[in-house]
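Okay, structure first, notes after.
Derivation of every value follows stated rules applied to the coordinates shown; laboratory data play no part. What you see is a predicted model; the values in this text were computed from it and never measured. We place every Cβ from the backbone using ideal geometry, glycine too, and count neighbours over all the protein chains shown.
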Amino acid sequence: MNPADLVAAKRRLRHSISVCLPARNEALTVGAVVGEVREQLIDATGRWGGLVDEVVVIDDDSTDATAEVAAAAGARVVRQADVLAEAGPGSGKGNVLWKSLYVCVGDLLCWLDADLGNFRADTVARLLEPLLSDVDTVLVKASYTRSFEGAPTGGGRVTELVARPLVSLLFPKLADIVQPLGGEYAARREAVEVLPFVQGWGVELGLLVDVVERFGRDAVAQVDLGARVHRNRPVDELAAPSLAILATALRRAGLMQFDGPTLELLRADLEGNIDAELVEIRERPPIATLPAYRVRHR
């Protein structure tokens, strides 16, 4: 679908579209992503001008200039702590994504990572196209390869070492999803507003499994975005996300339930001392169950 046809389809269907970036301490990259969305997808002079109605950055308690940089680039910036305070405190990326459903106006939502180093506006257009061309598609996941330390591939270590084996064992019908943990995807509001959101790092896997469980495997599409450049974290920072994803998979498969809001990640040093890191595993309820949300979006 060429740009003019994509914009025409959006207008014919009378959809509004929001692009949202959850962000914590991403001042180095968030401005370029927001600026590209603003110039190419919102402004009338852009290649897909008029396709997107707003770009929103939800600042997750950043301690750098993320909010200021995003606002200067043209985003509507909202602090996550200011959204749905009556729902109680939360933490993690999934908590921010859940709150974005309240903040954003779109019938269709496209979420992007704020740490992308090679973002192009056609990412958004390609993620939205299946939703605009097929009413039975409710979730569109990006597929891509990830660079690692200068090599064109090798990133996505948690995906390959944790998520891929879990999907193969517990959810084999999802084995063809190239990036089950990918943070770039688009969805219909009416689908995701009735699903729970894992608050922490398990949110993407949880949403994927829940969408397929409720709407069927054919409701999920993929689009190939080529190569992506994300920030790669040190390996010792990958254990906590891995534990959260493992817990999400076990819970969704009905193999294990957890009593508390967090799990302890235990790590021993060379002297045998053990430190415990708390890993968020709480879930937000379907946001459509909140009276404040129904007032705002009905």
Requested in this report: In whole angstrom, note down how far apart the Cα centers of the range 156-198 and the range 37-53 are.
Outcome: 29 Å
Query raised in the report: Among [x] 123; [y] 185; [z] 142, which one is volume of the Cα convex hull per residue in Å³ computed from these coordinates?
Result: [z]
Report task. Compute the long axis of helix 93-103 from its Cα atoms, compare it with the longest principal axis of the Cα atoms of the chain, and write down the angle in degrees, 0 to 90, nearest 10. Result -> 30 degrees
Requested in this report: Show which lysines lie in cross-link reach of residue 10 when reach means a straight Cα distance below 24 angstrom and same-chain residues fewer than eight apart are skipped.
Outcome: 141
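Return 197, 171, 119 ranked ascending by Cβ neighbour count within 10 Å, so the fewest neighbours appear first. Walk me through the numbers on the way to the answer.
Working: 197 27, 171 19, 119 22.
Ranking 197, 171, 119 by Cβ neighbours within 10 Å, fewest first, gives 171, 119, 197.
Where does the chain land at 222 nm, in deg cm²/dmol rounded to the nearest 500, when only DSSP H runs of n ≥ 4 count, each adding -39500 (n - 2.57), divided by all residues?
Result for the chain, helices only: -9000 deg cm²/dmol.
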Query - Assigned charges on the beta-carbon of Lys, Arg, Asp, Glu; the chain dipole about Cα centre (debye) - result: 1000 debye
Report task. Considering Cα pairs under 8 angstrom that are at least six residues apart, work out the relative contact order of the range 48-201 and quote it in whole percent. Result -> 28 percent
Report task. State, as an integer percentage, the relative contact order of the chain based on alpha-carbon contacts under 8 Å between residues 6 or more apart. Result -> 19 percent
Report task. Sort 281, 42, 58 so that the residue with the fewest other Cβ atoms within 10 Å of its own Cβ comes first and the one with the most comes last. Result -> 42, 281, 58
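Hey, fewest Cβ within 10 Å first, where do 201, 98 land in order?
Values: 201 25, 98 29.
Least to most surrounded, the residues fall as 201, 98.
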Query raised in the report: Can you list the HN-Hα couplings for the range 292-297, worked out from phi with the Karplus curve (6.51, -1.76, 1.60; θ = phi - 60°), rounded to whole Hz and with x for Gly and Pro?
Result: 4, 5, 5, 5, 6, 10
**Report entry** Crossing angle, helix 203-215 versus the chain [Cα axis fit, 0-90 degrees, rounded to tens]
**Finding:** 70 degrees
Query raised in the report: Which one of 287, 206, 246 is farthest out on the positive end of the charge dipole of the chain, using unit charges on Cβ (Lys, Arg +1; Asp, Glu -1) and the Cα centre as origin?
Result: 287
Query raised in the report: GNM, the chain, Cα, under 10 Å: largest mean-square fluctuation among 248, 45, 137?
Result: 45
